[in-house]
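Structure first, commentary second.
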Amino acid sequence: MRDVSTTGGYVPFSIYKYMKKKHVSSFPVILRKRFMDNIPGFSGYYVSKRGRVYTRRRVGLGRKSKTGVGDLNRVGYWRELTRITNHKGYYRLVIQDDFRKRHYVQVSRLVALAYIPNPLNKPFVCHKDNNPKNNFYKNLYWGTQSENIQRWETSIMQTRYVIIKNKRMLKKVIELCKYTGYASVDYETDGSPIYNRGFKPTILSVSWMPGFGASIPLDHFQTKEYTSPGWNWKKMLRKFGEEVIENYEITKVAWNWKFDDQINQKYQIFYRGTCLDGMLAKYLLNEEKPNDLKSMVRRYLPEYGNYEKQDAFDKIPWDKKELDPLCHYGCQDTDYTLRLMIFFEKKLIDLGLYSTFRNLIMSASRVLTSVEKNGLYLDREFNNQLLETYKPKIDAARQAIYDLPRVKKFEKKYNQEKIDKYIQSIEAELEELDYNDPKDKRKIVSREQKISNIKAGIFTTKKEQELIRPINLGSSVDLPTLMYSEEGFHFEVIKNNESGKPSTDEETLTNLRLTVKKPDSPKAIFLDRLLELRGLEKMYKTYIEGWNEKVQDDDRLHGRFLIHGTTSGRLSSAEPNAQQIPKTSVDPNIKLQLKAPKGTLYIASDFSQAELRIMAHLSGDETYLNAFNSGQDPHLAIAATKYHIPYEEALKIYEDENHPEHK
């Protein structure tokens, strides 16, 4: 009955009787716990690292009971002082110094006096996050008035963020999104592909107005530490999706919306209403790269540039990032995305491109989201067979090059030159050693033994074994030396690469082959076999091994289709590139890996001369229009008109390769 405080404080029986008699309900809590005085100049006071102030001075029952003024009590009980918030939002209270003088002080100053050194004797206590109520000692620092003002000015629009911990907080965020009509959203994940079974969305961040953000903890390893008991992240995500993402009246904003939308659809959330992709808005305004969010922040919001590198955040793997800094980062993403989209939207309207953005670009993004989600079904069994059968083919093609007499001769001489240089380097080291110095005796013996072993053909270390390895046909050093040196094939240099060295790319090899007239000459055989090896390696690395690595757990290749991938307005594709699959004539095995799921068919279709038809329609050119209307080849029709001959006569010449005028 005597333990009447809500915090477990202890009240002596004599005082308890008085409280009961006088019906005192708000008596100051008296704690049995002992503290040590830790505020310089103020005996009988203790301040915690989070700004809770306790005193062991006299306990009164009147108005002064809430202050820390009075004599030290003999019993030694401590009580917590009541903090008062002033008109600026700072916590303050009244305490008494060692000379019995009263002071009306800020709690932040007491924390700083107790825990933060002040070697330069600076007069002001400043808050790092500009929150006057956050008096945690790590959030405080000593400074001058100008430093405090400068920090406030530079951080006045810093993203304020909060971690959603319960359903009540989530409802509040939903209300804010409905009130402003905006929801800038961004998922953070563990870095796994979306359609793998191990994929985990870690948080969903949302901003409803510039400067503010909130993060919903999802399948993160620290979610339980931050959320209330019974938190079900899937239900919370679904609730947010139903009331915000699927709300027609809320404008959704994102950077690379296709990615976030696929995660939404994975959890049965399908957006409705307006969606604005900041990345695509930037691309429409300026198709030149870069198009990523971080680069745009550095360009248009330079005061927040490199925010992702704060505290080496970008060096931590995605599945290892702790929840609090991850939420801060996610809210910065959504906040800056919203700020940039507001800016880009105004630019699009002013330039007359807003209709194109909304009706063409965003519509195309929605279609491509479905294309990426569906993916291409890969026959894993056949793919594994090709993995086994292509390796021997590649090894055989490579060995066929090594077996060429000129390659063997070059390799022998090339390796001998490397061995001679290596021996010379060891001999140079021996010359620097003193044969009369006992300290160098062991080094001398070691190096002399190494030279003897190499001359005897004994190569032990990795560096020594590198001296006798076969020619690396993929090396930027070995292959050019083999092709262009006098000891090798001594080809003419017809093209240099970006670094100014002779090129060995496929185009160069093909053009060099055209210069060799005799198909059975050593040069022709070498180029033919090298091109064959390059073709096999490309098929294997890109379309067999590459697809095997990129296929996800649903047995599909979910390549990305990029509206912003080129400066010409054409689509591009990546991871893997689904737009450049080799024809059956190049390698019939590649397309055989792609099979339609049971009960479905793949249909390949293409527009016939779409660009020319649009050009004919826009220009009104009669020759083009007549050619298309009558089913003629438009290029041949233009040629017939140019040379003033009938189209039928030009068609006969074009189809007959033996005709004397066929070109």
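The values are calculated or read from the model by the stated rules, or taken from the named source; none is laboratory data. Please read all numbers here as calculations on a predicted model, not as lab measurements. Here the Cβ is made from the backbone with ideal geometry for all residues, glycine too, and neighbour counts use every protein chain on show. Calculation scope for accessible area: heavy atoms of the full protein, side chains included, ligands and nucleic acids excluded. Shrake-Rupley method; radii C 1.70, N 1.55, O 1.52, S 1.80 Å.
How much length would be gained if the chain were fully extended between SER485 and TYR248, taking 0.36 nm per residue of separation minus their Cα-Cα distance, in nm to one decimal?
Stretched out fully, the SER485 to TYR248 stretch lengthens by 78.4 nm.
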What is the distance in Å between the Cα centroid of the stretch 637-656 and that of the stretch 570-636? 25 Å
Give the dimensionless ratio obtained when the Cα radius of gyration of the stretch 518-663 is divided by 2.2 N^0.38 Å. 1.52
Counting only helical runs of four or more DSSP H residues, what would the 222 nm mean residue ellipticity of the chain come to if each run contributes -39,500 (n - 2.57) and the total is spread over all its residues? -13000 deg cm²/dmol
Using only Cα atoms and rounding to the nearest 10 degrees, what angle (0 to 90) does helix 167-180 make with the longest principal axis of the chain? 70 degrees
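Over all directions, average the projected area of the Cα convex hull of the stretch 368-495 and note it in nm². Don't jump to the answer; show the numbers that get you there.
Working: hull surface 62.4 nm².
For the Cα atoms of the stretch 368-495, the hull's average projected area reads 15.6 nm².
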Sorted largest first, the Cα spans of the stretch 283-405 on the principal axes come out in Å as 66, 41, 36
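Determine the gain in length on full extension of the stretch LEU531-ARG238; use 0.36 nm per residue of separation and subtract their C-alpha separation, reporting nm with one decimal.
Details: separation 293, 0.36 × 293 = 105.48 nm, distance 5.44 nm.
Going from the current span to full extension adds 100.0 nm.
Could you sort out which of LYS413/LYS462; LYS200/LYS252; LYS266/LYS538; LYS294/LYS346; LYS128/LYS252 sit more than 26 Å apart by Cα distance in this structure? Kindly include the intermediate steps, with their values, before the conclusion.
Numbers: LYS413/LYS462 20 Å; LYS200/LYS252 22 Å; LYS266/LYS538 34 Å; LYS294/LYS346 21 Å; LYS128/LYS252 32 Å.
The answer is LYS266/LYS538; LYS128/LYS252.
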Calculated on alpha-carbon atoms, Rg and Dmax of the stretch 151-285 in Å: 15.0, 47
Folded to 0 to 90 degrees: helix 13-22 orientation relative to the chain principal axis, Cα: 80 degrees
Which residue, chosen from ASN548, LEU514, ASN453, occupies the Cα position most advanced towards the positive end of the dipole of the stretch 429-552, where the dipole is computed from +1 (Lys, Arg) and -1 (Asp, Glu) charges on Cβ about the Cα centre? ASN548
Using the Cα centre as the reference, give the magnitude of the dipole from point charges on the C-beta atoms of the chain (Lys, Arg: +1; Asp, Glu: -1; all else neutral), rounded to the nearest 20 debye. 6660 debye
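Can you pull a Stokes-Einstein diffusion coefficient for the stretch 111-209 at 20 °C (1.002 mPa s), Rh from Kirkwood over Cα pairs, as a whole number of µm²/s?
On the way: Rh = 17.1 Å.
It comes out at roughly 125 µm²/s.
Roughly how many Å² is the accessible area per residue of the chain, as a whole number, for a 1.4 Å probe? Provide the component values of the computation, followed by the final result.
Details: 39340 Å² over 663 residues.
The answer is 59 Å² per residue.
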Mean projected area, convex hull of alpha-carbon positions in the stretch 401-472, reported to one decimal in nm², is 5.3 nm²
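Quick one: dipole size for the stretch 410-502, taken about the Cα centre, charges +1 on Lys/Arg Cβ and -1 on Asp/Glu Cβ, in debye to the nearest 20.
Values: 16 positive and 18 negative charges, 84 e Å.
Computed about the Cα centre, the dipole is about 400 debye.
Which length gain, in nm to one decimal place, applies between LEU120 and ILE84 when the Cα-Cα distance is subtracted from 0.36 nm times their residue separation? Mind showing how you got there, number by number?
Values: separation 36, 0.36 × 36 = 12.96 nm, distance 2.98 nm.
My answer for the length gained is 10.0 nm.
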Between ILE349 and HIS635, with labels modelled 7 Å along Cα→Cβ, what's the label distance in nm to one decimal, could you check? 4.7 nm
Once amide H atoms are built 1.01 Å from N in the peptide plane, which residues 5 or more positions from GLN106, or in another chain, come under 5 Å H to H? none
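How large is the charge dipole for the stretch 191-301, taken about the Cα centre, if only the Cβ atoms of Lys, Arg (+1) and Asp, Glu (-1) carry charge, to the nearest 20 debye? Please report the intermediate quantities before stating the final value.
Values: 16 positive and 12 negative charges, 64 e Å.
Roughly 300 debye, rounded to the nearest 20.
Taking every pair of Cα atoms in the stretch 360-436, average 1/r, invert it to obtain the Kirkwood radius, and report Rg/Rh to two decimals.
On the way: Rg = 27.8 Å, Rh = 19.0 Å.
Rg/Rh: 1.46.
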Semi-axes in Å, largest first, for the chain (Cα gyration tensor, √(5λ)) are 70, 43, 24
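Mind checking the stretch 511-582 for trypsin sites (Lys or Arg not before Pro) that DSSP puts in a loop (not H, G, I, E or B) and that have at most 14 other Cβ atoms within 10 Å? Don't skip to the answer; put the middle values down first.
On the way: sites: ARG513, LYS517, LYS523, ARG529, ARG534, LYS538, LYS541, LYS550, ARG556, ARG560, ARG570; in loops: LYS517, ARG570.
Here the trypsin sites (Lys or Arg not before Pro) that fit, given the DSSP loop and packing criteria, are LYS517, ARG570.
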For the chain, with all protein chains present and a 1.4 Å probe, just round the carbon and sulfur fraction of the accessible area to a whole percent. 51 percent
Just going by the charge dipole of the chain, with Lys and Arg at +1 and Asp and Glu at -1 on Cβ, which of PRO597, TRP142, TYR304 is farthest out on the positive end? TRP142
With each label point set 7 Å from Cα along the Cα-Cβ vector, what nm distance links TYR300 and LYS165? 3.5 nm
What order do GLU649, GLU303 take when sorted by accessible area (1.4 Å probe), most exposed first? GLU303, GLU649
Cα-based Rg (one decimal) and Dmax (whole number) for the stretch 241-321, in Å? 15.4, 39
Projected area averaged over all directions for the convex hull of the alpha carbon atoms of the stretch 182-224, nm², comes out at 3.7 nm²
